[in-house]
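Engineer: Mind having a look at this structure? Questions to follow.
The values are calculated or read from the model by the stated rules, or taken from the named source; none is laboratory data. Computed from a predicted model, the values in this text were never measured in an experiment. Positions of Cβ are generated from backbone atoms using ideal geometry, with glycine treated the same way; all protein chains shown enter the neighbour counts.
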């Protein structure tokens, strides 16, 4: 008995200490669910839709912490003349990546009724920023929209005790699934067609959700994932596939900056880069046994594709990490190029260093989006709070301690081929997406890729899709589309126009129609 009493006293003392620390959020500190709605009208080219915009929070639980988090969402529903929504309409759940990012970029840049207006290749400017009142790319004619802030980001708040669960690959998936279930219950939308739209790490999340939501009784109609990353084992630069996956993106960026590819269209140059990447694959596979003459021949062709000097390529063992490419490709102009959009360039304090002083494209864009989202949510949509809006959940990227850093381990689905452990130390979501399509053969998936994106290179996405072990009749459920943009496709007007057109086709299509959307060139035959 005394042992139990001592344990209780210790727990009470810890709880009292936590309450005295203003930086610790306890489950009982989480705010009650609330919402605020306003009415609006969107119109463009003679089309008009009345809608209700609702900003609010919903609490979610984890297995160990109840409540665990208060999740903030921004919802846009088409309504009739009496202000009623239609539960039979599709609803799309939209989230950014990070991991741990708010929904700021997609909310202000993509498919809501209003959108930020910035130049295509944006290189910074102070406020005020222009907002388009009637966004011509608004998806309300097709689907209702729910933008979601990840736990600890935006206006979403989580209890400290829940960080070890929700700041992890599988905990994040469980949390988003719980939020969607709670949202469907609150708004009576269990029988609505449901879609996902995710970007960057949001594609990792989205591909895992395709299976998890099915397992939780939430059938999906489709998922659109842009700027994709599915298998993290190829993000390490000691893996040859890392370099192979990047090479066509390097070629595209070099063409944009007039260092290579003169006279070819973007599509032609991308295809030439794909073909060389397969020759490059054979060269790297030989490791340090690669013949010297072969190495020089590969370096010569690599130089023609990217503008990088042959000597530099040979001294780099034909392996150039993306950070070094960003520094080297415009070295003659004393400039570096952006990671998220290789078309963007800027200056650096130490051109000879392998590190950049800052990521030029991100530094230019973030202030504009943060300013406009705060103004829009607080002033236009009426979210009454004095809380700071957090761009990214404040976990420690360098920590491996649950609750302090992000836990990258992922539990694979059962019965994965040649799996002995059940867990992988970094996410590989291809099995989950495969199982999701097998269990729901009508599930349709569209994968959008920016040619100038060095965060998630398009050729690596192609490689990943090639390694989803679907039967032949279901391979067509996945379509790849391409854009003359960087990572955030919607920040480029021409690319957003095409993405919007592709999405209209996607929503209208059945799974059997997806091959008509797919833009990926056919694979060539082996020369045996």
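Engineer: Restricting to segment 380-398, and then to whatever is over 22 Å from the mean Cα position of the chain (by Cα) and without any contact (Cβ under 8 Å) to a residue 24 or more places away in the chain, can you tell me which residue is nearest to residue 35 (Cα to Cα)?
Structural biologist: Ranking the qualifying residues of segment 380-398, first place goes to 386.
Engineer: Restricting to segment 189-215, name every residue that is touching a residue at least 60 places away in the same chain (Cβ under 8 Å), out of contact with any strand residue (DSSP E or B) (no Cβ under 9 Å at 6 or more places or on another chain) and farther than 27 Å from residue 455 by Cα.
Structural biologist: Within segment 189-215, 191, 214 meet the criteria.
Engineer: Pull up segment 1-32, narrow it to residues that are at pLDDT 80 or above and touching a helix residue (DSSP H, G or I) at 6+ places or on another chain (Cβ under 8 Å), then point me to the one that is surrounded by the most Cβ atoms within 10 Å (Cβ to Cβ). Steps first, answer last, please.
Structural biologist: Applying the first criterion (at pLDDT 80 or above) to segment 1-32 yields 23-32.
Those left that are additionally touching a helix residue (DSSP H, G or I) at 6+ places or on another chain (Cβ under 8 Å): 24-27.
Numbers: 24: 14, 25: 20, 26: 14, 27: 17.
Looking at the filtered set, the residue picked out is 25.
Engineer: Residue under question is residue 525, and the condition is that it be free of Cβ contacts under 8 Å to residues at least 60 places away in the same chain, surrounded by fewer than 18 Cβ atoms within 10 Å (Cβ to Cβ), assigned to a helix (DSSP H, G or I) and more than 16 Å from the chain's Cα centre (by Cα); does it hold?
Structural biologist: Criteria not met by residue 525.
Engineer: When you scan segment 399-420, how many residues do you find that are touching a residue at least 24 places away in the same chain (Cβ under 8 Å), surrounded by 13 or more Cβ atoms within 10 Å (Cβ to Cβ) and assigned to a loop (DSSP other than H, G, I, E, B)?
Structural biologist: Of the residues in that region, 6 qualify.
Engineer: Looking at 478, 437, can you tell me which residue is surrounded by 18 or more Cβ atoms within 10 Å (Cβ to Cβ) and over 26 Å from residue 268 (Cβ atoms)?
Structural biologist: So the residue among 478, 437 that is surrounded by 18 or more Cβ atoms within 10 Å (Cβ to Cβ) and over 26 Å from residue 268 (Cβ atoms) is 437.
Engineer: Only one of 260, 297 is surrounded by 13 or more Cβ atoms within 10 Å (Cβ to Cβ) and closer than 24 Å to residue 461 by Cα; which?
Structural biologist: 260
Engineer: Please work out if residue 487 is within 22 Å of residue 210 (Cβ to Cβ) and part of a loop (DSSP other than H, G, I, E, B).
Structural biologist: Judged against the criteria, residue 487 is a match.
Engineer: For segment 497-517: of the residues being part of a loop (DSSP other than H, G, I, E, B) and buried (at least 17 other Cβ atoms within 10 Å of the Cβ), which is farthest from the chain's Cα centre (by Cα)? Break it down into steps so the answer makes sense when it comes.
Structural biologist: So the first thing to find is which residues in segment 497-517 are part of a loop (DSSP other than H, G, I, E, B), and the list is 509-510, 517.
Then keep just the ones that are buried (at least 17 other Cβ atoms within 10 Å of the Cβ); that gives 509, 517.
Working: 509: 23, 517: 21 Å.
The residue in question is 509.
Engineer: Examine segment 301-320 for a residue that is under 30 Å from residue 431 (Cβ atoms) and surrounded by fewer than 22 Cβ atoms within 10 Å (Cβ to Cβ), and state whether such a residue exists.
Structural biologist: Yes, segment 301-320 contains at least one residue that is under 30 Å from residue 431 (Cβ atoms) and surrounded by fewer than 22 Cβ atoms within 10 Å (Cβ to Cβ).
Engineer: Working only within segment 308-340, note down all residues that are assigned to a loop (DSSP other than H, G, I, E, B) and closer than 17 Å to residue 242 by Cβ.
Structural biologist: 308, 316, 317, 318, 319, 320, 321, 339, listed by residue number.
Engineer: Given (1) part of a strand (DSSP E or B); (2) within 26 Å of residue 412 (Cβ to Cβ); (3) in contact with a helix residue (DSSP H, G or I) (Cβ under 6 Å, 6 or more places away or on another chain), identify the lone condition not met by residue 474.
Structural biologist: It fails just one condition, (1).
Engineer: Among the residues that make up segment 447-464, is at least one of them surrounded by fewer than 24 Cβ atoms within 10 Å (Cβ to Cβ), in contact with a strand residue (DSSP E or B) (Cβ under 6 Å, 6 or more places away or on another chain) and either touching a residue at least 12 places away in the same chain (Cβ under 8 Å) or not in a helix (DSSP H, G or I) (or both)?
Structural biologist: yes
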